[in-house]
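Coordinate-derived values only; no laboratory data. A quick note: this is a predicted structure, and the numbers were derived from the prediction, not measured. All Cβ positions, glycine included, derive from the backbone under ideal geometry; neighbour counts span all protein chains shown.
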Amino acid sequence: MNDFNYIGNKLHCESVPVDSIAAKVRTPFYLYSTETLTRHFKAFDSAFSLPHITCFAVKSCSNIAILRLFARLGGGADIVSGGELFRVLKAGMDPKKIVYSGVGKTEDELRFALGAKILLFNVESIQELETLQGVAAEMGIKAPVSFRVNPDVDPKTHAYISTGLAKNKFGIPIEQALEVYQQAEEMANIDTLGVSCHIGSQLTDLSPFVESLNKIKGFIRKLEGDGIAISYLDLGGGLGIRYDDEEPPHPSAYADAIMKEMGEFDCTLILEPGRVIVGNAGILVTKVLYTKTGEKKFIIVDAGMNDLARPSLYGAFHSIQPVERRDQGTEIVDVVGPICETGDFLSKGRELPICERGNLLGVMSAGAYGFTMSSNYNSRPRVCEILVNDDSFHVIRKRETYDQLIAGESIPDFLKK
């Protein structure tokens, strides 16, 4: 459920007509609904009746206004870089609700996070553990650690967003993990507090979650038998949304399945939802620049693969809707952008309402991994982000300018002669 609906023939975000926003900020732009974000966060968080922390996956949608909203709702953050840590702190997130994942944390990033006194580092290799021990020793403190264990479970999702198979780069193989925990227990500046597991993204079946949890439960019993107590169990995120005809489970069904399997375990759950909260809470609004007919019909719009990478990168489906409905029939078209790549498309072979120059289109379900994956390819300024709250809208990120594109560049003296 989301708050992008037609009132009459015009698409609205909550109570605001989308075309009225486009008239003021120009296209393309990302558009988010405060009501949808709030409802989705609460639906997920309230589904769990046992001790837990809902740590939003910042990589999915990292604007500080949206992070601030989740912080006010009691949420935490799952981060994967120093930049994301900087963002969540600026947004007012409680450091004791921040977990730091990722396979390639640098010493500077570890130092930054230790100084911020975050809740947990999800350590993913023995070398990372040794580096963290060294940095913590330099600072004269203990690092709170959870190890990301790879359970070798098939998440049944796209290969690029699968993270829990043995062939994936993430985590420590479950058969090696006990030895790593034992090494950590011997380190003076490491405080072992948890176990972490994340198997992938856009899962539409509960069985991989249950399978991985059962494997992790068996591993925790081994840790307890070795005298290693666990206070936190981080189950990651990955619950999918509906883009097309998927039928993902509701967060309440996901929570019920997890809580049923938790049984006797007395630890705080950490959950890392991203897409399930923000995916359907945002859209990309774009304008038709030209139409072209040859062997096929092309609708050329002003948003490209640099603005929304998912269709080109994953072959991902996004529903495309007219911002203003007209009774003009339909046609089979490719919706493509202005980027100089054949792979620059938003949809292919799609039946859409007939479009004309100047028409506005809404690329739906673009709130997750939309703006955060955007780039300046072809020297295109990144688009603005807009947040609607009831009957008002707010620019939460300004459109980049050409001057900002080259702000970090310089011409050396030898080329000025």
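Of the three principal axes defined by the Cα atoms of region 102-271, the extents in descending order read 53, 34, 28 Å.
Cross-link pairs exceeding 28 Å in C-alpha to C-alpha distance, out of Lys10/Lys398; Lys117/Lys215; Lys42/Lys222; Lys10/Lys90, comprise Lys117/Lys215; Lys42/Lys222; Lys10/Lys90. Here the chain is treated as a Stokes sphere of Kirkwood radius computed over C-alpha pairs; at 4 °C and 1.567 mPa s its diffusion coefficient rounds to 57 µm²/s. Evaluated at q = 0.15, 0.16, 0.17, 0.33 Å⁻¹, a Debye calculation over the C-alpha positions of region 365-411 (equal weights, vacuum) places log10 I(q)/I(0) at -0.51, -0.57, -0.62, -1.21.
Taking amide H positions as modeled 1.01 Å from N, with prolines and chain starts lacking one, the residues under 5 Å from Ile53 and 5 or more places away or on another chain are Leu269, Ile270, Leu271. For Asp302, the residues whose modelled amide H falls within less than 5 Å of its own, excluding neighbours fewer than 5 places apart on the same chain, are Lys287, Leu289. Expressed as a fraction of 2.2 N^0.38 Å, the C-alpha radius of gyration for region 30-132 is 1.11.
Which percent, to the nearest 5, of DSSP beta bridges fully inside the chain are antiparallel? Roughly 50 percent of the DSSP beta bridges within the chain come out antiparallel. Summing +1 for each Lys or Arg and -1 for each Asp or Glu among the other residues whose beta-carbon sits under 11 angstrom from that of Phe265 gives -2.
Convex hull volume of the C-alpha atoms in region 290-386, normalised per residue: 106 Å³. Placing +1 on the Cβ of every Lys and Arg and -1 on the Cβ of every Asp and Glu, with nothing else charged, gives the chain a dipole about its Cα centre of roughly 1280 debye.
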